[in-house]
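Okay, structure first, notes after.
The values are calculated or read from the model by the stated rules, or taken from the named source; none is laboratory data. All values derive from a computational prediction rather than experimental measurement. Counting neighbours? That spans all protein chains shown, and the Cβs are built from the backbone with ideal geometry, glycine included.
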Number of protein chains: 2
Amino acid sequence: MRLAAFTDYGLRVMMRLAGEPEGTLTTGEIAREFQISYHHLTKVVQDLVRGGFVQTRQGAGGGIAFARPPESITLGEVVRYLERQHALVECFAANGGKCLLTPACRLKGKFYEAQNAFFAALDETTIAECVYSGAETRET
Amino acid sequence: MRLAAFTDYGLRVMMRLAGEPEGTLTTGEIAREFQISYHHLTKVVQDLVRGGFVQTRQGAGGGIAFARPPESITLGEVVRYLERQHALVECFAANGGKCLLTPACRLKGKFYEAQNAFFAALDETTIAECVYSGAETRET
């Protein structure tokens with residue numbers, strides 16, 4: 001069971017922002033601090049903006065800020081959003097997939113229950129509770 | 001959140017075998033019936049043998065049979081086994097990954113809980129309860 005690196009990075013960004021309430025941290029600064037691709041992180045931040053989680057302000061003193069209080073954003077909400085195009089199994093895809101067992105499959109409902117249990121567990125925690133301040137980053 | 005197609009196929013094989021208790025169904029027959037790659041399915045069956053779930057018998061009247069009663073095998077057990085090399089997030093990998101947040105990350109424990117909830121839900125159901133007999137396969 002895997003989450004996309006895109007989702008992982010989105011969570012890292014939000015945890016880091018929760019440690020910088022002034023909203024002056026930029027994508028470039030986070031990319032450098034975490035040593036991950038700036039190009040990739042730009043797309044992640046754009047998607048977080050699209051999802052209504054953060055907003056960006058250009059220019060001097062600008063940066064990424066929460067669009068909603070991090071105390072109101074659960075991990076489950078963020079992961080559901082960022083993973084929205086990744087189907088757990090073939091038949092969960094928007095087009096239904098090509099699995100020939102689908103009409104009589106007794107597994108699909110079990111997978112829905114398990115996926116719901118996964119997200120429900122993540123709904124128990126907010127981004128604010130996972131705050132990460134830059135000072136904690138390990139030396140390399 | 002995605003499972004590997006390899007895992008999906010492994011479950012399809014076991015559901016199908018549960019509907020054929022004589023143990024005379026071959027990998028080739030299942031591949032044809034489900035219209036999936038014989039080459040890929042051979043590797044899946046080899047891995048199920050390695051995991052102690054099924055055994056194969058060569059020659060006339062041979063095929064794939066359960067090594068343990070399907071009533072004793074849970075979905076959770078099979079998925080944990082087949083997904084054993086796929087880390088949910090980078091830091092779950094055997095080598096620990098390269099994420100710089102790891103030492104002070106408050107997210108990792110939450111992901112463990114969520115992953116456990118996912119598997120616990122799948123542990124509620126056995127392969128025998130997901131039996132799939134060939135007659136149910138839809139026409140294409």
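Of the residues in the range B:66-78, at least one is at the interface with chain A (Cβ under 9 Å from one of its Cβ atoms) and either at pLDDT 95 or above or over 30 Å from residue B:33 (Cβ atoms) (or both). Residues in the range B:52-87 that are buried (at least 18 other Cβ atoms within 10 Å of the Cβ), over 24 Å from residue B:124 (Cα atoms) and not small (Gly, Ala, Ser): how many? The qualifying residues number 1.
Residues of the range B:16-29 include none that is closer than 30 Å to residue A:120 by Cα and of a type outside the set (Lys, Arg).
Looking across the range A:88-104, just one residue is more than 7 Å from every other protein chain (Cβ to nearest Cβ) and surrounded by 19 or more Cβ atoms within 10 Å (Cβ to Cβ), and that is A:99. Listed by position, the helices (runs of 4 or more DSSP H) contained in the range A:26-140 that have at least 3 residues being more than 22 Å from residue B:1 (Cα to Cα) are A:27-34.
Against the criterion of being acidic (Asp, Glu) and within 14 Å of another protein chain (Cβ to nearest Cβ), residue A:47 does not qualify.
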